[in-house]
1. Here are some values of P(r) over Cα pairs in 10 Å bins from 0, in percent: [x] 3, 14, 24, 26, 20, 10, 3, 0, 0; [y] 2, 12, 20, 22, 17, 12, 8, 4, 2, 1, 0, 0; [z] 3, 13, 20, 19, 14, 11, 9, 6, 3, 1, 0. Which one was computed from this structure?
2. Counting only DSSP beta bridges with both residues in segment 24-393, what percent are antiparallel, rounded to the nearest 5?
3. Taking other Cβ within 10 Å of each residue's Cβ, how do 578, 229, 556, 456 sort, fewest first?
4. With 10 angstrom as the radius, rank 420, 443 by how many other C-beta atoms surround their C-beta, starting from the fewest.
5. Rounded to the nearest 10 degrees, what's the angle between the helix 709-720 long axis and the longest principal axis of the chain, both from Cα atoms, 0 to 90?
6. From the square roots a ≥ b ≥ c of the eigenvalues of the alpha-carbon gyration tensor of segment 514-619, which class results: rounded (a/c under 1.5), prolate (a/b over b/c), or oblate?
7. Compute the relative contact order of segment 249-362 as a whole-number percentage, counting only Cα pairs closer than 8 Å that sit 6 or more residues apart in sequence.
8. Could you please rank 680, 712, placing first whichever residue has the fewest other Cβ atoms within 10 Å of its Cβ?
């Protein structure tokens with residue numbers, strides 16, 4: 001190292017929400033994409049957000065040099081890293097902003113890169129594609145600029161990159177390539193070394209390299225192989241003469257063979273996830289870390305504060321763990337990008353539960369308090385003590401009626417009767433054509449609908465006026481679908497602010513936030529509700545809307561429910577009971593809704609489970625038990641549905657093959673999955689156990705581009721290579737909530753025309 005060594009800060013965090021307290025980045029991005037602001041204005045807004053964030057973090061107690069991570073990104077941290085080290089972007093010395101967004105979102109000429117889940121979180125990352133023979137062009141100017149702008153404001157921030165092993169482990173082969181991305185590790189490492197040299201030349205003392213691949217069992221490489229890759233990569237990186245000190249992080253779980261490998265190469269600082277959740281899955285991890293990491297060579301950073309949930313930490317218990325590591329620093333278990341900014345922005349939380357929560361800013365307070373100790377941070381410890389005590393004493397967490405009902409459920413797996421083949425025969429009475437077309441549920445949420453919702457919330461619209469506005473939108477959506485020739489209709493969900501929050505507001509056992517926004521991908525943010533107690537359904541939630549929509553058409557209108565696993569995956573869950581307990585509770589609540597929909601004349605009901613893969617444990621041995629309770633909770637919802645009721649489900653981007661047996665085990669009558677970006681590759685995983693009819697998405701709704709008739713027809717024909725005609729549905733990838741009506745109408749028209757073209761070539765009728 002050419003720079004004088006600088007000690008690692010005693011208190012830090014792994015990352016921070018980057019969208020801004022008022023979603024400033026989201027608004028700037030969408031204004032730029034819409035052409036409402038130019039690039040200079042956008043970059044100025046993003047710059048202001050970054051420097052404001054650094055100042056806020058310093059005020060919150062991260063006041064040592066390099067305590068603040070510069071984990072910023074316009075769209076995604078994997079894409080940002082891949083651009084910086086040349087894993088994407090071609091041979092260009094610089095990549096324009098337009099090109100970056102084309103990679104992320106596509107444009108009229110090309111499709112975007114694939115997007116998938118970031119480990120077991122509710123965040124999505126952009127998947128780099130690695131081609132045979134591609135050069136990795138280092139572009140350090142991207143990250144050096146961040147350092148310099150922070151320094152100009154008086155902040156010595158810590159640059160952040162996803163590490164080389166994780167980047168390649170999460171990448172895919174480019175089309176037509178033969179080599180696996182991890183085979184290119186040596187070459188990519190050279191690019192990292194160049195970037196680190198540029199940072200050293202810029203006077204940077206610390207760089208953060210995140211290697212979460214260390215804590216997961218991945219399809220591309222097992223634990224031992226990942227460990228070997230880590231050792232090889234960091235032996236080279238740490239041997240480089242001109243570099244900052246390396247802070248290597250292992251968030252999202254416990255490292256195994258990778259821990260040994262990283263202890264051996266001895267980076268200057270090493271982070272381990274020691275959150276309560278990680279310790280629950282790996283009870284010996286604290287001891288393993290103590291016995292493996294030589295703290296004389298490596299500064300240990302204990303990730304004690306849970307960065308993935310919103311419960312206030314038990315500081316005294318966490319401090320006990322911390323004190324087992326002499327001289328360690330303290331941090332969060334993962335980046336705080338997974339939690340909202342601050343509880344202070346929530347004036348409407350119930351007064352008895354508000355003190356139980358800790359969002360990003362409050363978690364920074366916990367980190368600072370843990371580093372300081374109970375004598376120097378007495379107020380913080382007293383606050384934590386109160387939160388632990390009042391939550392344990394609260395009556396809000398337990399409902400005896402719910403407990404009694406779930407206790408009476410059959411043990412083990414449950415099974416809908418009759419079997420699929422008999423149900424499929426009974427469902428011929430629905431009169432659906434070959435290659436039936438439908439959508440996944442939501443239609444664009446217009447500015448008029450959002451304004452009506454805001455006006456209603458503010459008291460400027462009466463309940464009756466608000467319902468009338470929503471009814472007009474439902475009628476318009478039904479008319480549009482009929483005009484386009486879709487076969488199975490939806491009501492468009494204008495009454496739903498979010499597919500999970502809507503149900504959380506109507507179920508007992510949840511609280512919701514006003515400003516608890518969390519980034520899902522790019523400019524897309526969600527407000528996860530919080531499960532605070534036992535869950536039940538006081539009354540019907542969707543029936544009136546489904547019944548009204550069905551009254552407007554002779555075609556079938558789907559009832560739309562969000563499944564129990566997705567409700568949990570996209571909520572902050574309890575940490576005082578196992579998730580399976582809440583899943584059963586939600587399952588029986590939704591079963592009551594299915595019964596009410598059937599009684600209202602709804603014959604097709606979709607139970608969305610886009611997040612089924614999302615909760616899949618990172619370690620292989622933990623997956624069977626998760627999939628067992630996840631499948632059970634879904635089956636509870638449809639358990640008593642009539643044979644003639646067609647149950648649909650939907651899954652979002654996932655490594656489909658990892659959960660194919662579980663998806664088959666849901667025993668849905670029709671399964672739709674996101675498939676457009678993968679060009680139907682995931683259908684290769686379908687085998688004889690997968691009996692459901694299937695709708696692989698042929699229209700990527702995450703991009704503003706309008707796919708042509710020819711493009712979608714090609715995807716239908718590709719799907720037919722894996723799925724028999726009589727089992728194939730035609731639909732978009734996902735809901736259309738985030739799209740505009742103009743592009744939606746044109747895309748859906750092309751989708752129906754594509755279906756008609758394929759059907760005509762096959763000489764099959766598409767008339768019901």
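1. Here the calculated entry is [x].
2. 15
3. 578, 456, 556, 229
4. 420, 443
5. Helix 709-720 sits at roughly 90 degrees to that axis.
6. prolate
7. 26
8. By the 10 Å Cβ count, ascending, the order reads 680, 712.
Since every read-out is calculated from the coordinates, none of them should be taken as a lab result. What you see is a predicted model; the values in this text were computed from it and never measured. Counting neighbours? That spans all protein chains shown, and the Cβs are built from the backbone with ideal geometry, glycine included.
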